[in-house]
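Only the coordinates and a few stated rules stand behind these numbers; no lab work does. Keep in mind the model is a prediction, meaning the values are calculated, not measured. Glycine also receives a Cβ, built like all others from the backbone with ideal geometry; neighbour counts cover every protein chain displayed.
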Amino acid sequence: MVEDVLLLPLALLLEFLDRVIWDGAKALLDLISRLAVVARLRRFLQTLPPLVVVFLFLIPEAIDHLSGFWATVLFVKGNWFAATIVAVFIKGFAILVGLWIYQSCEENLMSVRWFAIAHDKVILARDWVLDRTRPIRQRLRLASRDGERGRLARRLAAWRQWIAAAMSRWAR
């Protein structure tokens, strides 16, 4: 039980990333991919050697992680605005570029043995965490759907109101 509770924040983060960031980014990329210049760039990327594609994929991945660290440092130092700008624009753009390269060249990426092994291990780890914490996440999901009666729903609503009030005070 203790291990499950310790894994819960990671599982909730994975759930958020999967349902909000990943799905939203894929929808946005589907729209962007319809542009002729983006389609040409995709075709060009697909002609590159697999190791070059892996290198190109790892650049936005590194920027994503470094900007996440940078945003965290800014947030801890109390600079919410700069942390938000870094997280939304730099990290967000890096996520979109990395996802676009992954979607465009998945076959090339997976043809590099060490990359495919690392990819599979990350997916297995994610699935293990999500499977392990499924009962707790389902209870949280049910509690959050209880509308105004649910304690978690009330707490989340209070947090949303607090954040909105803080942002409106900051914007003045």
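Of note:
- Straightening the chain between I59 and R139 buys 24.9 nm, computed as 0.36 nm per residue apart minus the Cα-Cα spacing.
- A Förster radius of 45 Å, combined with the Cβ-Cβ distance separating V38 from Q161, puts the computed FRET efficiency at roughly 0.70.
- Distance in nm between pseudo-label sites at L51 and A27 (7 Å out along the Cβ direction from Cα): 4.1 nm
- V122, V38 arranged by Cβ crowding within 10 Å, fewest neighbours leading: V122, V38
- Footprinting exposure proxy ranking of H119, H65, fewest other C-beta atoms within 10 angstrom first, gives H65, H119.
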